[in-house]
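Read the structure below first, then the notes.
The values are calculated or read from the model by the stated rules, or taken from the named source; none is laboratory data. Keep in mind that what you see is a predicted model, and the values were worked out from it rather than measured. Heads up, the Cβs are rebuilt from the backbone with ideal geometry, glycines too, and the neighbour counts pull from every protein chain shown. All accessible areas refer to the heavy atoms of the entire protein, side chains included, with ligands and DNA or RNA removed. Shrake-Rupley method; radii C 1.70, N 1.55, O 1.52, S 1.80 Å.
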Amino acid sequence: MSDLALHGGRPVRPALLPYGRQALTDDDVQAVLGVLRSDWLTTGPQVEAFERALARAVDAPHVVAVTSGTAALHAAMFAAGIGQDDEVIVPAITFAASANAVVYQGGRPVFADVRADTLNVDPADVAAKMSPRTRAIVAVDFAGQPADLDALGAMARERGALLVEDAAHALGAESRGRRVGALADLTTFSFHPVKHVTTGEGGAVATADAALAARLRRFRNHGLETSPAERHARGDAYSPMVDLGYNYRLSDVQCALGASQLARLEPILKRRAEIAHRYQAELAHLPGLTLPAVAPDVRHAWHLFTALLDLPRLTADRRTILAALRAENIGATVHYVPVYWHPYYEARGYRRGACPRAEWAFERLLTLPLFPAMSEGDVEDVVRAVQKVLGHYAR
Ligand SMILES: *Cc1c(COP(=O)(O)O)cnc(C)c1O
C-alpha cells in the first residue's frame, strides 16, 4: 500500500506551493501610487532612475529598460546587427524566447548542447557549431549560474561575433568577482514576477558600448532618433525615424516598482541562496537524485533550484515523479524542453538528436519551488515530499 497523495494518500501540505512568485512590500505599493498621481505615467523620470540604479547593480555603464525579457533579447539581436540568414548559437536548454529573438531578426538559431554538470552551454559544442555565418553567441546563465563567459567571449571575439548573455535568471550573479552585466557585449534581464525583481512585465539590456546603447534606445522607441524626453525638452515634435523599431518602452509606473524592488536585491539574493543551500544539504545524498554542480568561482543567483533524476535507481519516469510531487502540493516543474523540440522549430527542419546531453537532461530534470517569501516550513515540506516520493519509487 502506498501513502502517496497520487494514490489517494494524505498530501505533505494542504495547499499548492508554486515554484516561484513575487514578493511585494508596502514600499513597492507606495512607489507605484506616487507615480500614478504624478505628471508622467510613461517614459519619464522613473525610467531614468530605474536604469541608473540597475546600471549600478549590474556594473554596466549603459542600461536600456524595455517591456520584457523577450523584448530585451530582440533589442540585443537588433543592436548586434543580426539579419537575414545570420547564424546565432543558442543553448538547447533555455526558454524559447532566447532563440525566437534570433528568428524575429530573420536569423537562424543554431543549437549548442549543454554541459551535463551545470546544464550551461558547453563551449566545446559552441566551437563545433560555429560557422563563417555565426554573428553572435547567446549564453544563458541557467538557473542563475553564470555560463563559461570567458571562454565564450574569447570564441566570439576571434570570429568577430558578439556575446549576448541572456541573464534572465542571473540578476546579481557574479563570475570571478565580476558582476553579470559587465561580462558580455550585451546582457539581457527579465522582470517577470517569477524573476528576482519584478516590474509586472519588463526587461532591460546592459552594455558597456555607447554605440550599442544608442541602437537599443532607438529600437525601443520606433527607431526614432530622439527620445520623448529630448523632444519634450526641445519643444520639437519632429524626430527622424532611422531604424525600424518597436514600441518596447517600459512605463514610469513599472519602473517605480522595479526601482523599489531593486533596492532589496541583496536580501533577495541572500534568501534565495539560503534556501538553495538547505536543499543542497538535505537532498545531496538522496538516492535517485543528482544536484547540478556549482563552479567554485561564481556567485549563483539561484533563480531556479533544479535536480536531475537518477533514472536507473528509480522505478518511475520524470513525468510520474512530477505528478506525484504535484499531488503532494509541491509545485515542481521542468525547465526546459530542448527548444528545437517545440513544434515551431520541428516544422522548420530542426531534428531531434541534435544535442544529446540536453535531451538526456530533459528526461531527468525537475525544478523545485524557490522564492524568497518561502517559509522554513515551506522548505521543509519540499524536502519531505521529495524524500517521500523518491523513497516510494526507489529501486
Ligand atoms: C524569463 C525568461 C525570458 C523571457 O523573459 P520575459 O520577461 O518573460 O519576456 C527569456 N529567457 C529566459 C532564460 C527566461 O527565463
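Restricting to bridges with both residues inside the chain, how much of the DSSP beta-bridge set is antiparallel, in percent to the nearest 5?
Of all bridge pairs located within the chain, approximately 60 percent are antiparallel.
Quick check on the chain: what are the equivalent-ellipsoid semi-axes from the Cα gyration tensor, as sqrt(5λ), descending, whole Å?
Semi-axes from the Cα gyration tensor: 37, 26, 17 Å.
Summarise the accessible area of region 26-262 (1.4 Å probe, protein heavy atoms) by the percent that is carbon and sulfur.
51 percent
Can you compute the modelled spin-label distance between L36 and A295, with each label point 7 Å from Cα toward Cβ, in nm?
4.4 nm
Return the loop-located trypsin sites (Lys or Arg not before Pro) in region 1-99 (DSSP other than H, G, I, E, B) with at most 14 other Cβ atoms within 10 Å of their own Cβ; answer none if there are none.
Sparse-neighbourhood loop trypsin sites (Lys or Arg not before Pro): R37.
Report, to the nearest 10°, how far helix 26-36 tilts away from the longest principal axis of the Cα atoms in the chain, using its own Cα long axis and a range of 0 to 90°.
Long axis of 26-36 versus the principal axis of the chain: about 30 degrees.
How are the C-alpha pair distances of region 212-310 spread across 10 Å bins, as whole percents from the shortest bin up?
Result, from short to long distances: 12, 25, 19, 18, 16, 7, 2 percent.
To the nearest 10 degrees, how steep is helix 318-327 against the longest Cα principal axis of the chain, on a 0 to 90 scale?
The angle comes out near 90 degrees.
Express as a percent, rounded to the nearest 5, the fraction of DSSP beta bridges in region 26-262 (both residues included) that run antiparallel.
So the antiparallel bridges amount to about 50 percent of the total.
Using a 1.4 angstrom probe, figure out how much accessible area region 72-152 has per residue, in square angstrom, rounded to the nearest whole.
Details: 2150 Å² over 81 residues.
That works out to 27 Å² per residue.
Over 26 Å, how big is the tail of the calculated P(r) for region 265-393, in percent of all Cα pairs?
Taking all Cα-Cα pairs of region 265-393, the fraction more than 26 Å apart is 28 percent.
Kindly write out, for region 291-305 in residue order, the coupling ³J(HN,Hα) from the Karplus curve 6.51 cos²θ - 1.76 cosθ + 1.60 (θ = phi - 60°), rounded to whole Hz, with x marking Gly and Pro.
Couplings: 9, x, 6, 10, 5, x, 9, 10, 9, 7, 8, 6, 5, 10, 10 Hz.
Hey, can you grab everything whose amide H is under 5 Å from the amide H of E87? Only 5+ residues off in sequence or another chain; H modelled, so Pro and N-termini drop out.
Amide H neighbours of E87, under 5 Å, 5+ apart: R108, T134, R135.
Multiply the residue separation of A151 and T25 by 0.36 nm, subtract the distance between their alpha-carbon atoms, and state the gained length in nm to one decimal.
On the way: separation 126, 0.36 × 126 = 45.36 nm, distance 4.01 nm.
Extra length available between A151 and T25 comes to 41.4 nm.
Please give, to one decimal in nm, the separation of the simple spin-label points placed at A128 and E376, each 7 Å out from Cα toward the Cβ.
Distance between the two pseudo-spin positions: 4.8 nm.
Trypsin sites (Lys or Arg not before Pro), restricted to region 61-144: which are DSSP loop and have at most 15 other Cβ atoms within 10 Å?
R133
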